[in-house]
Amino acid sequence: MKVVIAPDSFKGSLSAQEGAQAIERGVLKAMPGANTVLVPVADGGEGTLDSLVAATNGRKVAVTVSGPIMVPVEAAYGILGDGKTCIIEMASASGLYLIGPEHRNPIATTTYGTGELIKKALDNGCRRFILGIGGSATNDGGAGMLQALGMRLLDANGESIGPGGAELSKIEVIEDGEFDYRIAESEFLIASDVQNPLVGPNGASFVFGPQKGATPEMVELLDANLTHWADLVEKKTGTRLHDKPGAGAAGGIGGAFQAFFPSETKRGIDIVIEYTGLSAKMEGAACVFTGEGQIDYQTASGKTPMGVAEAAKTNHIPVFALAGSVGNGIDQLYQYGIHSITSIINGPMSLAEAMENGAELLEETSEQVMRTFLAALSEKS
């Protein structure tokens, strides 16, 4: 019997690879002869680089770049197995997890390091890019990234602006004469599920700014600054970002890609499914296991369990989703092909205990789910 195991990470507890291995151990306890196929996946956020590098037998390249507050950080980009495609997680250079709560201030944080990552990959010969833009600490409209790649954003005195969303209001001129010419020669596939526009009540600042440390006063300022930036970008490129779907992703970096890069945007999970060959690996499977740290109503917005289930549904393969916690609104997920959703928590325990024992809990739960599935098959026959 073939069993496909395709979880995302259980954040703070297990990587996607570790989660897949724990599920495999449980499945094999229930059915020692099972043919298990492990495909650790991600939805465009954290773990996407590792997932695609592993699935394609690629490699990671370690680099030092500027972090969200311009302090150097150790980051990496991936070269996929084809030797041509570069995978970058924006969060590794400009992520919220890189800074403590006391430094979470989108007035000051910058995407400069993301631009440096792209530049280093260009220097290494890469011309095809996949960029996961989740988990950012920034709200600068991608201005820092553009500056790192040679674009000059000048104030009234002809001086370059500094880092952060507060500086956008100072821009008077966008000069692209020194913008890296290799950008135009490249392809950029943006992994993002965010459809928010750049500005307004549903824009980057109002919806995502508070998560990055913005006060209500900061949100108003950031939105006004992004509006000024969008006006300049429209005048420069003809692309109106103000109300463009997806322009508000990752503090507005989504809009920078739309306006200045030869880019296309797709759901992160769809990109991962394509590059890992997950659909083909599901052929002939009796069932599929997936999961992540929390499954709730947000899962239907394109997170890993939903994407895996959609891929399995076309082949009429049952999908069992395992989660550290199960929240509200899961009923809607069954229409996408998930057959059951099970919490791995087997008794009263603290979050710290659950995360520390995540592998054991995941193994035990997958064993029980697999035993139930086998019993149902036995009754059928």
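The values are calculated or read from the model by the stated rules, or taken from the named source; none is laboratory data. As the structure is a computational prediction, the values presented were derived from the model and not from experiment. Glycine gets a Cβ as well: all are built from the backbone with ideal geometry, and neighbour counts include every protein chain shown.
Candidates in region 7-24 are the residues that are part of a helix (DSSP H, G or I) and crowded, with 18+ Cβ neighbours inside 10 Å; of these, the one that is nearest to the chain's Cα centre (by Cα) is 16. Taking the conditions (1) crowded, with 17+ Cβ neighbours inside 10 Å; (2) at pLDDT 90 or above in turn, residue 340 satisfies each one other than (1). Report whether or not residue 322 is modelled with pLDDT of 95 or more and either within 27 Å of residue 376 (Cα to Cα) or out of contact with any helix residue (DSSP H, G or I) (no Cβ under 6 Å at 6 or more places or on another chain) (or both). Yes: the conditions hold for residue 322. Given the options 292, 310, 274, name the one that is surrounded by 17 or more Cβ atoms within 10 Å (Cβ to Cβ) and assigned to a helix (DSSP H, G or I). 310 is the lone residue from the list that is surrounded by 17 or more Cβ atoms within 10 Å (Cβ to Cβ) and assigned to a helix (DSSP H, G or I).
Exactly one of these conditions fails for residue 52: (1) buried (at least 24 other Cβ atoms within 10 Å of the Cβ); (2) in the same structural domain as residue 191 (by TED's automatic domain parsing); (3) without any contact (Cβ under 8 Å) to a residue 40 or more places away in the chain. Give me its number. Exception for residue 52: condition (3).
All of (1) without any contact (Cβ under 8 Å) to a residue 60 or more places away in the chain; (2) more than 30 Å from residue 288 (Cβ to Cβ) hold for residue 251 with one exception: (1). Report yes if some residue within region 264-273 is more than 13 Å from the chain's Cα centre (by Cα) and over 22 Å from residue 322 (Cα atoms); otherwise report no. Yes - at least one qualifying residue is present in region 264-273.
Residues in region 344-365 that are farther than 20 Å from residue 30 by Cβ and outside any loop (DSSP other than H, G, I, E, B): 351, 352, 353, 354, 355, 356. Please determine, by comparing only the residues of region 285-305 that are among the hydrophobic types (A, V, I, L, M, F, W, C) and modelled with pLDDT of 90 or more, which one is farthest from the chain's Cα centre (by Cα). So, considering only residues that are among the hydrophobic types (A, V, I, L, M, F, W, C) and modelled with pLDDT of 90 or more, the one farthest from the chain's Cα centre (by Cα) is 286. Output the residue which, of all residues in region 136-174 that are closer than 17 Å to residue 118 by Cβ and of a type in the set (Gly, Ala, Ser), is modelled with the lowest pLDDT. Among residues in region 136-174 that are closer than 17 Å to residue 118 by Cβ and of a type in the set (Gly, Ala, Ser), the one modelled with the lowest pLDDT is 136.
Within the group 250, 312, 300, which residue is outside the structural domain of residue 56 (by TED's automatic domain parsing) and in contact with a strand residue (DSSP E or B) (Cβ under 8 Å, 6 or more places away or on another chain)? Walk me through it before giving the result.
Values: 250 fails: outside the structural domain of residue 56 (by TED's automatic domain parsing); 300 fails: in contact with a strand residue (DSSP E or B) (Cβ under 8 Å, 6 or more places away or on another chain).
Selected residue: 312, the only one of 250, 312, 300 that is outside the structural domain of residue 56 (by TED's automatic domain parsing) and in contact with a strand residue (DSSP E or B) (Cβ under 8 Å, 6 or more places away or on another chain).
Hey, any hits in region 316-326 for a residue that's assigned to a strand (DSSP E or B) and surrounded by fewer than 20 Cβ atoms within 10 Å (Cβ to Cβ)?
At the first step, the residues of region 316-326 found to be assigned to a strand (DSSP E or B) are 319-326.
Add one more test, that the residue is surrounded by fewer than 20 Cβ atoms within 10 Å (Cβ to Cβ), and what stays is 325-326.
There is at least one residue in region 316-326 that is assigned to a strand (DSSP E or B) and surrounded by fewer than 20 Cβ atoms within 10 Å (Cβ to Cβ).
Only one entry of 236, 281 meets the criterion of being more than 17 Å from the chain's Cα centre (by Cα) and not assigned by TED's automatic domain parsing to the domain that holds residue 225, and that entry is 281.
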